[in-house]
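J.: Have a look at this one before I ask anything.
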Amino acid sequence: MTIYEHLVRLEYEGVPFVLVTLVDALGSTPQDAAAKMLVTTDGLYSGTVGGGKVEAAALKLAREILATRDAKPRFVNWTLKGDVGMTCGGSVKFYFEPHFGPGPWSIAVFGAGHVAQALIPVLLPLPCQVTVADSRRDWLDRLPSAPNLRVVHSESPADLVPTLPADTYLVVMTMGHATDRPILKRALLERNFPFIGVIGSEAKATILRTELAADGVSPARAAEFRCPIGLSFGSNHPHEIALSIAAQLLSVRDRLGGIDRRRLGEVAAEI
């Protein structure tokens, strides 16, 4: 894996790290400019900026930044002899870039039909990790390729529900309410996701809630999924529906920042 692939993995896993870049190297130095390394609280994770005392000094500062959670990037200029204690007569300039954010926003889309085909390209440029699950391989094959898109072909997409991160936003748009229901049942009985939205009408929502209640889902929990999904604008064109869904996801994400999950029902009712 390249250092950038390691960086993406750390970001996705929500691991705090510092990207250290050797911006400039003058005179006799152990590494050339543009060398990089990733540092976590455990120490060197990937890459190198020269080894020896200069790298040890950079590692020490990076770990201090992580320990104090100082998120401000900084440049540092060191002379190798005076500041680092090496016999080399050169100097180095480092850029320390801390990353403390959580992993990317997790979104799971169940169903790869027309609206999903329009929605996924809208979501992929955002700082999110998107998972799409469907039993139809031909529809999954139509999705674009992207490093933050995971495609899951499964005859039982509901089995994916227990494996999703706790902060995942669920978008349920399978072939119909009969295939939506198993996903909703597992999501409502086994998990506590911050957002669950289902494509369809209010009549469909009523039927789903009745059937979920018969399956053991309490009325209070069944009331927590949103159906119809999306903000109230646009037409029934798949691309306009996709935009309304993306807008709602962003709105709920921003409204839930710093809000107790137990207030989800209040927030969802306002959006």
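J.: Hey, which of the strands (runs of 3 or more DSSP E) in segment 1-66, taking only ones fully inside, have at least 3 residues that are in contact with an Asp or Glu (Cβ under 7 Å, 6 or more places away or on another chain)?
T.: On the way: elements: 17-26, 36-40, 43-47.
Of the strands (runs of 3 or more DSSP E) lying wholly inside segment 1-66, those with at least 3 residues that are in contact with an Asp or Glu (Cβ under 7 Å, 6 or more places away or on another chain) span 17-26.
J.: Of the residues Leu189, Leu212, only one is in contact with a helix residue (DSSP H, G or I) (Cβ under 6 Å, 6 or more places away or on another chain) and over 23 Å from Gln117 (Cβ atoms); which? Before you say what the answer is, go through the steps one by one.
T.: On the way: Leu189 fails: in contact with a helix residue (DSSP H, G or I) (Cβ under 6 Å, 6 or more places away or on another chain).
One residue alone meets the criteria, Leu212.
J.: Among the residues of segment 201-221, is any more than 16 Å from Ala108 (Cα to Cα), surrounded by 19 or more Cβ atoms within 10 Å (Cβ to Cβ) and in contact with a His (Cβ under 6 Å, 6 or more places away or on another chain)?
T.: yes
J.: Tally up the residues in segment 46-71 that are crowded, with 18+ Cβ neighbours inside 10 Å and within 14 Å of His99 (Cα to Cα), please.
T.: Matching residues across segment 46-71 total 3.
Per-residue answers, yes or no, for (1) modelled with pLDDT of 95 or more; (2) farther than 24 Å from Leu243 by Cα; (3) in a loop (DSSP other than H, G, I, E, B):
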| site | (1), (2), (3) |
| --- | --- |
| Gly82 | no, yes, yes |
| Phe96 | yes, yes, no |
| Pro102 | no, yes, yes |
| Ile107 | yes, no, no |
| Leu126 | no, no, yes |
| Val132 | yes, no, no |
| Arg142 | yes, no, yes |
| Val152 | yes, no, no |
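J.: If you check every pair at least six apart or on different chains, which have Cβ atoms under 8 Å apart with a residue in segment 206-230 that is within 28 Å of Val122 (Cα to Cα) and assigned by TED's automatic domain parsing to the domain that holds Arg191 first and a residue that is surrounded by fewer than 17 Cβ atoms within 10 Å (Cβ to Cβ) and of a type in the set (A, V, I, L, M) second?
T.: Gly230/Ala247
J.: Can you pull out the helices (runs of 4 or more DSSP H) entirely within segment 161-271 that have at least 1 residues that are under 21 Å from Thr131 (Cα atoms) and at pLDDT 95 or above? Full working, then the answer.
T.: Values: elements: 177-190, 202-214, 219-222, 238-255, 264-270.
The qualifying helices (runs of 4 or more DSSP H) are 177-190, 238-255.
The rows are residues; the columns are (1) without any contact (Cβ under 8 Å) to a residue 24 or more places away in the chain; (2) more than 30 Å from Leu26 (Cβ to Cβ).
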residue: Tyr95; (1), (2): no, no
residue: Phe100; (1), (2): no, yes
residue: Gly113; (1), (2): no, yes
residue: Leu119; (1), (2): no, yes
residue: Arg137; (1), (2): yes, yes
residue: Leu143; (1), (2): no, yes
residue: His153; (1), (2): yes, yes
residue: Leu164; (1), (2): no, yes
residue: Thr168; (1), (2): no, yes
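The values are calculated or read from the model by the stated rules, or taken from the named source; none is laboratory data. Quantities reported herein were computed from a predicted structural model and do not represent experimental measurements. A quick note on method: Cβ atoms are made from the backbone with ideal geometry, for glycine too, and the neighbour counts reach across all protein chains shown.
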